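Any read-out appearing in this document is the output of simple, stated calculations on the displayed coordinates, not a laboratory observation. All values derive from a computational prediction rather than experimental measurement. Here Cβ is always computed from backbone atoms with ideal geometry, including for glycine, and neighbour counts include all displayed protein chains.
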Amino acid sequence: MKETGFSHSQITRLYSHFHSLDKGENGALSREDFQRIPELAINPLGDRIINAFFPEGEDQVNFRGFMRTLAHFRPVEDNEKNKDPTSGEPLNSRANKLLFAFRLYDLDRDDKISRDELLQVLRMMVGVNISDEQLGSIADRTIQEADTNGDMSISFSEFTKVLEKVDVEQKMSIRFLH
Amino acid sequence: MLKMRMRMKMLLLLGWCCGLVCAGQNRSDPRGQTGFPVLSINYDYVQMPFEVSLWILLASLMKLGFHLLPVLSGVVPESCLLIVVGLLVGGLIRVMGKNPPVLDSQLFFLCLLPPIILDAGYFLPIRPFTENAGTILTFAVLGTLWNVFFMGAVLYGACRLEAGRLASVDLLSCLLFGSIVSAVDPVAVLAVFEEIHINELLHILVFGESLLNDAVTVVLYHLFEEFAHAGEVTVGDVFLGVVCFFVVALGGVMVGGVYGVLAAFTSRFTSHTRVIEPLFVFLYSYMAYLSAEVFHLSGIMALIACGVVMRPYVEANISHKSYTTIKYFLKMWSSVSETLIFIFLGVSTVAGPHTWNWTFVSITIVLCLVSRVLGVVGLTYIINKYRMVKLSGKDQFIVAYGGLRGAIAFSLAFLLSSDDFPMKDMFLTAIITVIFFTVFVQGMTIRPLVDLLAVKKKKQSKCSINEEIHTQFLEHLLAGIEGVCGHYGHRHWRHKLDRFNKRYIKRCLIRGERSQEPQLISFYNKMELKQALMLLESNSSANLSAGDTAAPQQRSRKTLNISKEREEEIRKILRANLQKTRQRLRSYSRHTLMPDAEDEDEDWSETRIRKQRRMSFMTLPALRESPAVRGSRVESDRPSVLFTLADERLESRGHKPSVTFCLDVEEKPLPRCVSDPGADQLLEEDESLHQRH
C-alpha cells in the first residue's frame, strides 16, 4: 500500500470502516452501500462523489480502490518529497488533488469543463429555485474569467491557474486519525 | 427695484449685527459697564468641545502630514510617528507651563477603544478565523497564561534578589504586573500589521490572539486586584478564578450574540427608514460593549461577537447606501481613535509621574521577549500535532515577534489604585518603556525582517466567481468524503450549522425573498453590482473595450459586436421600458446610469439589485419569467442599460461574444490608516462576506 501513503494503523481503521459499510459482506462496496451513508444523501454532490469511487464502468469497489480514492485527501506533508524520488508524484499532491476535483466536474472525461458540465454542477449546488437563465449567466461569467485560450471551456491548466490563490492543500485534506 | 433690494440688504445686515451684539451681550458677564461690548470672549462656554475637536483635528492633520512625506511613512510605521508627535505636543504643553493631560482610562475604554474593536470585529474574515480557531484560542488563552505566570514568577525572583527599593514588591503585585503587560494589544497589532501585508494566516493568528486574550486579561487583572485588596488567597479563590474566566469569556460572547440577533431582527423592519439603519448597527454594538462592561465581562469579546453575528443578516437587509455608510463610518472612527490613542500615549509619557528603575525595566523588557518566544515555540509544538497545515519556523517567528503591547496595558496600569500598589509609578514607567520598545523597535524592524525572511505576503486576489464556486464545490466534496470516512470533523459541524442557519435563522432575520437566496447567487449579484459601480466610477465612457483598466489583453480585443438589428431591438425595448432614456448604447457614461434627482427617497440600489436579477431572467425577444421571480417583480421600471446588455450576452450562445465589459477593474480598497492601496480588510471583507459558515 505504499502508493497511498497511509500508515498501518490508518489502514486498519479504514478497513474496519469499509467493513462496516459493506452490508453485503462480499468484500466490495456497491452504490447502494454508499447511498446509505446519511451525509451523502443530503450532500448536493452526493452522486458524483459516489461515482468517483467506482472505476470506469464497474459497479463494485474493493478495499484497494476505496483507499486509493481516499488517499487523495491525505494532508500534504513536506518531508514526503524526500522519501521516494522514483515513485512519481504521490496521490495527495496538490496537482493530483486538483485533478480529482477536476474529474468530478468533467464527467465525459474530455479534459475540459464545458458550459453544460458547469451548469449541471451549479444546478446541483444552488437548488431548484434559481432560473436557468441566471445560472447560465453565472456559468458564462465563470468560463469567461477562467478561459485564457478562448475555447469557451475550462481546461485543467486553466482550472489550476484559477485556484492558485486558494489554499487547496488545506481545503482538500482530511485528518485521518492515527 | 434695485434700490429696494439694496435697502433690504442693508436692513438685514444691520439687523444681523444687532442680533450679534445682543447675543454677545447676553452671554458675557453682566458688569457695570457703560457701553455695549461689541466683541467679548467667553472661552469657558465652549472649552470642552473645543479642546476635543482641536485634538481630533490635530490628529487628522498629522495623518495627512505623514502621507505627504512618503519617505518617512515607508520606513517608520505610523504608530511610531504618532507617538513622537504626542511627545512633542506634551513637551510643548509642559514648556507652556501647564500640565499635559494624561490618557484618562475611562475615556480610553469607553470612547477610544470600542470603534477600533467594532471595526475589527465587523470586518473580521470569518472563514480563516474559524478554520484556525483552535490555534488562536490556544495562543490567546494558554499563551497569555504562560506569559503572566512566567513573568510574574521571574520578576518576583528578581525583586527578591535585588533588594533595595524592589524588596517591597510582593508576588501578587508582580503577578498583576505580569497580567497587565503580557497581553498582546489589538490596536498596536492592527496598526503595524496593516502596513506589512503579510499573508492571511499569520495576520489572523496574531490579530485573533490579540482580540481573544482580552478575556484572560480581564479575569486575571480583576482577580489579582481583588486578591491584593483582600490580602489573602485560598485555594477556593483560585478555583473561583478559573470559573470566573469561563463566565467572563462565554458571558461576553453571549451578550454580544444577543445584541447581534436583536440588531439583525431590527434591521428586518427598516425598509422605510433607510436613513437610520447604520445607527442601529452602531448603537446595538456599543450597547453590547457597555452591557458587558457593566458585569465585568469581556467587552471586547462582546463587541466582536455582536459584529460577527449580526453582519450576514444585516447586510442582507440594509440598503447599499447604508452598507457603504457603515463601512466608511467605522473606518473613519477607528482611524481617528487609533491616531488619538497613540498621540495620547506620547503626551502621557511626558505628563505622568515616573519612577525609573533600571533593573525592573530592563528585566521586564527582556522577559517580555523571552517569555513570548518560549510560549510561542512551546505551544506551536503542541498545536502542530493537530493542524493540517503546520506552522513553520518562520511563521512562529512572526507570531512571536508580532506580540506588540499597547495602550490597553497602559490604561489598565493607570487604573490601579496607589494605595494597594505603592509601586504604581514604577509599573507605569516600565509599561511605557515596554510599549515604546515594542512599538518602535519591533514595529520598525518587522517590515525588513518580513522581507528578509521572505515570509509569504498577502495575496492580492480579486473577487472571483471561479474561486467562490470551486471553494463551495470543494466544501461539499470534502463534507461528503468525511461522511464516507465516518469522520466527524469540523466541516461536518459547520455543515450542520449552515443547514440550521438556512432553515430557521435566515427565515426570521432576513426580510423578504432574500432569505431563500443561495449564497452563490447573492455573491454573484454583489459582484456584478460592485463591478457595475466600478465601471461608472472609472469613467470609461467611450472605452467599452477596457482601454484604461487592467483587463487582460484578450478581453480588450473583444469590442462591441452587436449587429444592427440587435441594436434596434435593444433600443426598442429600452424605449418601451425606460421613462427617461438617452440613446447612448455604446458609451456608458455616468448620466445613463445615475438616478435622477428626485430619486433620493427610493432605495435605488435596492431596486437595481432586484432589477438586475429580473433582467437577467429576461430574454430579449420574449419576457419570459420563471415562477420564482414573479413574486419579486417591482413595478418601477428603471432597468439599467448595463444589465440589459449583460443579458444580451446571455443570448449569444456559442462563439460570438457580443458584448463584453471590462470586468476586471481593480477595486480601490479603502485602507484604514495607510493610503497605499494594499489590499486591506476591505478586500478580505468582501471575500469573507460570502464565505461565512
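For the range A:36-178, what ratio Rg/Rh do Cα atoms give with a Kirkwood hydrodynamic radius?
Numbers: Rg = 16.8 Å, Rh = 17.0 Å.
Ratio of gyration radius to Kirkwood radius: 0.99.
Membrane-span-like helices in chain A: DSSP H runs reaching 18 Å or more (Cα, own axis), mean Kyte hydropathy at least 0.5?
On the way: long enough: A:8-21 (20 Å, -0.51); A:132-146 (21 Å, -0.73).
Both cut-offs are met by no helix.
Assuming a ≥ b ≥ c are the square roots of the Cα gyration tensor eigenvalues, decide whether the range B:482-533 counts as rounded (a/c under 1.5), prolate (otherwise, with a/b larger than b/c) or oblate.
oblate
Exceeding 27 Å between C-alpha atoms, which entries from my cross-link table qualify? They are A:Lys165/B:Lys390; B:Lys394/B:Lys458; A:Lys165/B:Lys530; B:Lys530/B:Lys564; A:Lys171/B:Lys526; A:Lys23/A:Lys112.
Checking Cα-Cα distances, B:Lys530/B:Lys564; A:Lys23/A:Lys112 exceed 27 Å.
How much FRET efficiency would the formula 1/(1 + (r/R0)^6) give for B:Tyr43 and B:Glu226, where r is the Cβ-Cβ distance and R0 is 45 Å, rounded to 0.05?
Details: r = 44 Å, r/R0 = 0.97.
E(calc), rounded to 0.05, equals 0.55.
Taking just the alpha carbons, could you work out the radius of gyration and Dmax for the range B:350-406, both in angstroms?
15.9, 50
If you take the C-alpha gyration tensor of the range A:93-172, multiply each eigenvalue by 5 and take the square root, what semi-axes do you get, largest first, in whole Å?
Working: eigenvalues 91, 44, 29 Å².
Equivalent ellipsoid semi-axes, largest first: 21, 15, 12 Å.
Work out the FRET efficiency for B:Glu567 and A:Met152 from their Cβ-Cβ distance, taking R0 = 30 Å, and round it to the nearest 0.05.
So, using R0 = 30 Å, E works out to roughly 0.80.
With θ taken as phi - 60° and the coefficients 6.51, -1.76 and 1.60, list the Karplus ³J(HN,Hα) couplings across the range B:219-227 in order, rounded to whole Hz; mark glycine and proline as x.
4, 4, 4, 5, 4, 5, 5, 4, 4
Can you list the HN-Hα couplings for the range B:342-351, worked out from phi with the Karplus curve (6.51, -1.76, 1.60; θ = phi - 60°), rounded to whole Hz and with x for Gly and Pro?
5, 5, 5, 4, x, 5, 5, 4, 5, 6
Looking at the square roots a ≥ b ≥ c of the eigenvalues of the Cα gyration tensor of the range B:327-444, which shape do they give, rounded for a/c under 1.5, prolate if a/b is larger than b/c, or oblate?
Oblate, since a/c reaches 1.5 and b/c is not below a/b.
On average, how much area does the Cα convex hull of the range A:3-52 cover when viewed from any direction, in nm²?
Working: hull surface 16.7 nm².
Taking the Cα atoms of the range A:3-52, their convex hull projects to 4.2 nm² on average.
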